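The values are calculated or read from the model by the stated rules, or taken from the named source; none is laboratory data. Since we're looking at a predicted model, the values are computed, not measured. Neighbour counts are summed over all protein chains in view; Cβ atoms, including those assigned to glycine, are modelled from backbone coordinates with ideal geometry. Note: areas computed on protein heavy atoms with side chains; ligands, DNA, RNA excluded. Shrake-Rupley method; radii C 1.70, N 1.55, O 1.52, S 1.80 Å.
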Amino acid sequence: MTSIMAACCALTCAADELTHWAKQAQNPLADLIRIPAETRLDFGYGHKGAVNWTTALTPSMVSRISTDWNLVNRLNIPFKYQPGRTPGEKDSFGLGDILYESLYTPFGSRKISLGAGPAFQIPSGTDPQLGTRKWSAGLAAAVNAETGPLVFGLRANQLWSFAGDNHRPDVNQTRVEYWFYANLGNGWWIGTSPVNTINWEASSDKRWTVPIGGGFGKIIDGRLPLNLKLEAYSFAEIPDDLSDGSLFFTIEYLIPENALFKR
């Protein structure tokens, strides 16, 4: 009987550990290193109704800058295949613009986490159609809350261009991502995390991109926990009906402090 109780306790602890890692993965301000690769497929894209493909590497690392503060450093490095959006526009493949965000957040574990700091976008697009050709800067902020099995929050940034190709439109764009996750136990979760964008330089009927949908995921146990995500979204609003819907698949390694050096 004792051995059975011990085995049940071990299984419960393992499940609780997986749920802990799921909540950490869902919090962009959590104190860990992330190495995610997100593949996005946009279906019915452009005038050809083709598939637009993007794989983005979005590594994130937390640095301790004082006894009271952490700095969350996050990059977004997109690689794209983009079919022509309008008749006469060629297909493009290559690197898009790179985004860097640095969020200052109070040190320590808490039910509500807050972070804010600067954001910069580098005109690294290897093709004119894949980037803005503008240097941009602005502000970024995030808030995350946790209660029981639920994790929810919001992350936003605002970018304005300040240099670059004078023949290209200025950058004045807001990006808002909100999330709501329900953790089901043993590392499983369901939820939604759409990214909404507002291009303030566009006309009012082409300004908003508003996806609607969600998905599910699972934490895979190992020396380094692995977060697997599958999400699907349609669009309540998108400029020029550019796409019918999107499918996301993400593989994300979660690296706790000193994990690479403990063994």
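For the stretch 1-154, give the magnitude of the charge dipole about the Cα centre (Cβ charges: +1 Lys/Arg, -1 Asp/Glu; no others), in debye to the nearest 20.
280 debye
Just need log10 I(q)/I(0) for the chain at q = 0.08, 0.11, 0.12 Å⁻¹, Debye formula, equal scatterers on the alpha-carbon atoms, no solvent, rounded to two decimals.
Treating every Cα as an identical point scatterer, log10 I(q)/I(0) equals -0.36, -0.66, -0.78.
If you find the alpha carbon centre of the stretch 14-77 and of the stretch 187-245, how far apart are they in angstrom?
Centre-to-centre distance over Cα atoms comes out at 13 Å.
Restricting things to alpha carbons, tell me how big the stretch 111-170 is in terms of Rg and Dmax, in Å.
Cα-based Rg and Dmax for the stretch 111-170 come out at 16.3, 52 Å.
With only Lys, Arg, Asp and Glu charged, each at its Cβ (+1 for the first two, -1 for the last two), find how big the charge dipole of the chain is about the Cα centre; round to the nearest 20 debye.
Using Cβ point charges on Lys, Arg, Asp and Glu, the chain gives about 480 debye.
Over the chain, with every protein chain in place, what whole percent of the accessible area is carbon and sulfur at 1.4 Å, could you tell me? Provide the component values of the computation, followed by the final result.
Working: 8630 of 13710 Å².
Ligands and nucleic acids excluded, carbon and sulfur give 63 percent.
With every protein chain left in place, what is the accessible area per residue of the chain in square angstrom, probe 1.4 Å?
52 Å²
Give the whole-number value, in cubic angstrom per residue, of the convex hull volume spanned by the C-alpha atoms of the stretch 85-189.
About 148 Å³ per residue, rounded to a whole number.
What is the spread of the Cα atoms of the stretch 172-263 along each of their three principal axes, largest first, in whole Å?
Extents along the principal axes, in whole Å: 56, 27, 19.
Would you mind computing, in nm to one decimal, how far apart the modelled labels at T192 and Y100 are, each placed 7 Å from Cα along Cα→Cβ?
3.5 nm
Relative to the longest principal axis of the C-alpha atoms of the chain, give the angle of the C-alpha long axis of helix 2-26, reported between 0 and 90° and rounded to the nearest 10°.
Approximately 20 degrees, to the nearest 10.
So which of K80/K134; K48/K90; K23/K218; K134/K229; K111/K229 end up more than 21 Å apart, counting from Cα to Cα?
Correct reply: K134/K229; K111/K229.
Counting C-alpha atoms alone, how compact is the stretch 11-120: give Rg to one decimal and Dmax as a whole number, in angstrom.
18.7, 59
Taking the convex hull of the alpha carbon atoms in the stretch 132-225, what volume per residue do you get, in Å³?
Considering the Cα atoms of the stretch 132-225, their hull volume per residue is 136 Å³.
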